[in-house]
Amino acid sequence: MADKVLKNKPLVEAIFEIKWALASPQPGILIDPHYKIFLGRLYDKVIEEYPEHEQLPSASVPDEIVGHVVQHRFRKSLNGWPLLQVGPGILTVNDTYNYLWTDFKERSIEAINKLYEAYPKVTQLQIESLLLRYIDAVEFDHTHENIIDFLREKMKVDIKLPSGLFTEGIRSRPKVFNWQASFEVLHPRGIANVRFATGQKSNKPSLVWETIVESQKNDIPQMPEKINEWLESAHTITHDWFFTLIEGELERRFSGE
């Protein structure tokens, strides 16, 4: 499924994330014994496509206490997007405003293939989770307007609190808002999450929302053979949810109409 291309897309970031199991030699310690070799081999395989390497502050922390924390970035251009991120037990593909699904999917599949090619002991590679996540935002001054009204009127999300809560001296407009729900998904097997929160975009007050599909452990399909099927199914959900939520005025705004 190809994305509709919106002229003024609200996308903050698109993320594909894969995590694999880490060894636990003692309580509270998680390590990937092959991480150092894997990192070097992965670098050799991605340098042509992502030549700009960025070491994050977390890289100076002992690996045994930063399990599933990214330590290195590989960018397509200096300070540019898209990019890969890697750490002990984690690999991500990230893109932002210029994101297109067809390109993002191919980069995600290629990242998975490079993971399996570069990992020294591929028979020991046990995938723990797959995640497709979209973060979007629309400018909205929640300090002066009611975000609950905005959600109901613009995104068809109706959240109500008893009017009796707002007695004299208590305003009904939230100063901070954070609402999240998770739902079981059959294709791909896993969980779909949606979240709405007050936040900022470009240093302006905004409504931030996320749509996420995640599969864990027994719900993960055969890897890496089924990753294309998983990505397409997960994207179908996030795509449909996004356009259902913005249908109407917001879609016209994001389309530049």
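Since every read-out is calculated from the coordinates, none of them should be taken as a lab result. No experiment lies behind these values; they were computed from the predicted model shown. Cβ: placed from backbone, ideal geometry, glycine included. Neighbour counts: every protein chain shown.
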- Query: Do you know which of the residues in segment 45-61 that are surrounded by 12 or more Cβ atoms within 10 Å (Cβ to Cβ) and of a type in the set (D, E, K, R) is farthest from E110 (Cα to Cα)?
  - Reply: E54
- Item | Answer residue from segment 89-126, given it is surrounded by fewer than 20 Cβ atoms within 10 Å (Cβ to Cβ) and of a type in the set (V, I, T) and is nearest to K9 (Cα to Cα) among those | T96
- Residues that are without any contact (Cβ under 8 Å) to a residue 60 or more places away in the chain and in contact with a Gly (Cβ under 8 Å, 6 or more places away or on another chain): find the strands (runs of 3 or more DSSP E) completely inside segment 174-257 holding 3 or more of those. none
- Restricting the search to segment 35-58, which residues are within 19 Å of Y119 (Cβ to Cβ) and part of a helix (DSSP H, G or I)? Y35, K36, I37, F38, L39, G40, R41, L42, Y43, D44, K45, V46
- Task: Say whether the condition of being under 16 Å from K9 (Cβ atoms) and more than 15 Å from the chain's Cα centre (by Cα) is met by at least one residue in segment 188-198.
- Result: no
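Here is a yes/no grid of residues against (1) part of a loop (DSSP other than H, G, I, E, B); (2) touching a residue at least 60 places away in the same chain (Cβ under 8 Å); (3) on the phi < 0 side of the Ramachandran plot; (4) of a type outside the set (A, V, I, L, M, F, W, C):
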| residue | (1), (2), (3), (4) |
| --- | --- |
| S129 | no, yes, yes, yes |
| I135 | no, yes, yes, no |
| T143 | yes, yes, yes, yes |
| L151 | no, no, yes, no |
| K154 | no, yes, yes, yes |
| G164 | no, no, yes, yes |
- Query: What are the residue pairs meeting all of these: first residue in segment 56-77, first residue at positive phi, second residue of a type in the set (V, I, T) and assigned to a strand (DSSP E or B), Cβ atoms under 8 Å, and 6 or more apart or on different chains?
  - Reply: H68/I90
